[in-house]
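A.B. asks: One structure, as structure tokens, below. Some questions next.
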Amino acid sequence: SQISQVCNMPLLQLLRSLPALGLPRGGRQLRSVEQEVLWRLRRLPLRHLALLAEHLAGQGHDGLLLPEVLRKLELRWTELEGTRTVVTLMAKVGHLSPALMERLEDKALELAEQFDPDELRRVVLALALQQRRCVPLLRALSYHLLQKPAELPLPVLTDLLFAYSKLSFQQPQVLHRLSLELQPHLGALSPAQVSRCARSFASLRWLSRPFAEAIAQYSLDNTQKLSLTHLCGILVSFARLNFQPSCGEEFFSMVHEQLQGQEQQLDTHLLTDVVWSLCVLQQARPPHLHLVLSPEFQARLRGDPSPRVQSSWLKLLHINATARLEAPGYQGPFLPPEALGGDGDKDKDREKATPLQRGLWEALPGALGGHDLVRHDVSTVYGWDIDAEVLLDSDNKPLPLRDFAAPHLPHAEGTKPLPPGARRVAVLRWEFPQFSSRGRELLGRGSLARRHLRAAGFLLVEVS
């Protein structure tokens, strides 16, 4: 009966203390305090509302009080002052109310210059964990991060890298600084952290050769500490970036030694990624190819239309092409012919065509003299799509494609052998995402496609 005479701050402290004393959530005492707080919400200072929201969110509160607190914060967000409150609300409460999070992002944009490195870390991490890719805020935070003169603490470096990767946000100056300042501290990181850093840089298509070399050396120096999963994460990252370490012979010997006899520990998708990575890096051995091209392994991936399985199946086609084109001593097994067909939806692909792709469709028939002299969007048995295919005779004149046998197609239309001196030309279109963020170097996937098609007898015309 005296609760209405308690001041605001002691009342909030009481609300926070009662559960710790073991009182049940639905008990009379706790309900009485919550009701009093509910009546006072309009009169509470904003900092008290923020503290209350943080406490209720941390407790997983499911009553009427938390939604009302969030609604009040949404209405009074312009009163927010100071970086600490904004950062705390974004990290602890923002995920509960998208409308409030939008207002907090606006406030963070206004206060970005005042954030210290740890607050910058917490804001970017909150955006990443909530999958909120607010580009204006990320650009502002990146700018002010680069203005910080002192070396950033290690937790800030690792969390920022993770967050930028999670949001697929590429900011070259920030990534350069992160790789530069992380490199001296690699020895202090756990294998899990090193593997995560490698995967983050790979997903951002950022290749810092000194940093990648340091990761390769770390792997050699800490072989006993590295779990097979962490080592596989580093290997797959190197393959995505098409990175060959200078200590390659020693590094890959260690990888093969660690993999030997342990492949069955890996799940289907990770094992497919590992063998595909070895193919990209030209380190695949017959036992690896045999393992994933066996009928038993293929059966694990059949009949599942999920994107993850379809991605693994496409990599299996690339592995099969490596076995056919780049492994002369390999005797089999291979994927069966019926598994090599391309089932892409061409009409849907045309809707998503890039300007460069549309330009090729329009220019090539006119330049060659007819639509029957060029084949567009060719799905090959190697798992690679060719943007355009042309057949030239010994005088470099185009020939009608439909008349001739095409072993690279799942279902060839013609049967005639190629005339003496004739050559197949593949036009490959490279877009920005297929290159490293730092320059004009193709990533691992593009490099493997280029090697396979050349080995299959194509002359390549590369357009970018």
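A.B. asks: Has segment 29-51 got at least one residue that is acidic (D, E), assigned to a helix (DSSP H, G or I) and at pLDDT 90 or above?
C.D. replies: no
A.B. asks: Moving to a separate point now. Go through segment 244-258 and report how many residues are more than 17 Å from V274 (Cβ to Cβ) and either hydroxyl-bearing (S, T, Y) or not in a helix (DSSP H, G or I) (or both).
C.D. replies: Residues flagged as more than 17 Å from V274 (Cβ to Cβ) and either hydroxyl-bearing (S, T, Y) or not in a helix (DSSP H, G or I) (or both) within segment 244-258 amount to 2.
A.B. asks: Also, quick follow-up: Are any of the residues in segment 204-217 buried (at least 16 other Cβ atoms within 10 Å of the Cβ), part of a helix (DSSP H, G or I) and hydroxyl-bearing (S, T, Y)?
C.D. replies: no
To keep it simple, each residue is scored yes or no on (1) under 20 Å from W276 (Cα atoms); (2) crowded, with 19+ Cβ neighbours inside 10 Å.
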site: E362; (1), (2): no, no
site: P365; (1), (2): no, no
site: V374; (1), (2): no, yes
site: A388; (1), (2): no, yes
site: L391; (1), (2): no, yes
site: D403; (1), (2): no, no
site: F435; (1), (2): yes, no
site: S447; (1), (2): yes, no
site: L453; (1), (2): yes, yes
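A.B. asks: Next question, about the same structure. Can you pull out the residues in segment 327-341 that are within 29 Å of the chain's Cα centre (by Cα) and crowded, with 16+ Cβ neighbours inside 10 Å?
C.D. replies: L335, A339, L340
A.B. asks: If R196 satisfies every condition in (1) closer than 25 Å to A91 by Cα; (2) among the charged types (D, E, K, R); (3) outside any helix (DSSP H, G or I) but one, which is the exception?
C.D. replies: Among (1) closer than 25 Å to A91 by Cα; (2) among the charged types (D, E, K, R); (3) outside any helix (DSSP H, G or I), R196 violates only (3).
A.B. asks: Filter segment 259-274 down to residues that are farther than 16 Å from R300 by Cα and part of a helix (DSSP H, G or I) and give me whichever is modelled with the highest pLDDT.
C.D. replies: V274
A.B. asks: Taking S195 as the residue in question, decide whether it is not assigned by TED's automatic domain parsing to the domain that holds M101 and not β-branched (V, I, T).
C.D. replies: yes
A.B. asks: Taking segment 375-422 as the search range and keeping residues that are aliphatic (A, V, I, L, M) and in a loop (DSSP other than H, G, I, E, B), which one is modelled with the lowest pLDDT?
C.D. replies: Checked segment 375-422; the qualifying residue modelled with the lowest pLDDT is A412.
A.B. asks: For residues that are surrounded by fewer than 22 Cβ atoms within 10 Å (Cβ to Cβ), in a loop (DSSP other than H, G, I, E, B) and not charged (D, E, K, R), tally how many sit in segment 222-242.
C.D. replies: 5
A.B. asks: Please go through (1) over 26 Å from the mean Cα position of the chain (by Cα); (2) more than 24 Å from N8 (Cα to Cα); (3) modelled with pLDDT under 95 for H95 and return the number of the only condition it doesn't satisfy.
C.D. replies: Against the list (1) over 26 Å from the mean Cα position of the chain (by Cα); (2) more than 24 Å from N8 (Cα to Cα); (3) modelled with pLDDT under 95, H95 comes up short only on (1).
A.B. asks: For segment 37-92, enumerate the residues that are under 34 Å from the mean Cα position of the chain (by Cα) and charged (D, E, K, R).
C.D. replies: Those that are under 34 Å from the mean Cα position of the chain (by Cα) and charged (D, E, K, R): E54, E74, R84, K92.
A.B. asks: Considering (1) β-branched (V, I, T); (2) buried (at least 21 other Cβ atoms within 10 Å of the Cβ); (3) under 21 Å from L11 (Cβ atoms), say which one T88 fails and leave the rest.
C.D. replies: Unmet for T88, out of (1) β-branched (V, I, T); (2) buried (at least 21 other Cβ atoms within 10 Å of the Cβ); (3) under 21 Å from L11 (Cβ atoms): (2).
A.B. asks: Would segment 366-376 turn up any residue that is in contact with a Leu (Cβ under 6 Å, 6 or more places away or on another chain), more than 30 Å from F201 (Cα to Cα), assigned by TED's automatic domain parsing to the domain that holds L453 and not β-branched (V, I, T)?
C.D. replies: Yes, some residue in segment 366-376 is in contact with a Leu (Cβ under 6 Å, 6 or more places away or on another chain), more than 30 Å from F201 (Cα to Cα), assigned by TED's automatic domain parsing to the domain that holds L453 and not β-branched (V, I, T).
A.B. asks: Okay, moving on. Any chance segment 169-181 includes a residue that's aromatic (F, W, Y), within 18 Å of L231 (Cα to Cα) and not assigned by TED's automatic domain parsing to the domain that holds V135?
C.D. replies: Checked against the condition, which is being aromatic (F, W, Y), within 18 Å of L231 (Cα to Cα) and not assigned by TED's automatic domain parsing to the domain that holds V135, segment 169-181 yields no hits at all.
A.B. asks: So, one more: (1) touching a helix residue (DSSP H, G or I) at 6+ places or on another chain (Cβ under 6 Å); (2) surrounded by fewer than 22 Cβ atoms within 10 Å (Cβ to Cβ): which one isn't true of A188, the others all being true?
C.D. replies: (1)
The values are calculated or read from the model by the stated rules, or taken from the named source; none is laboratory data. Just so we're clear, the structure is a prediction, and the values are computed from it rather than from any experiment. With ideal geometry, Cβ positions are generated from the backbone for all residues, glycine too; neighbour counts draw on all protein chains shown.
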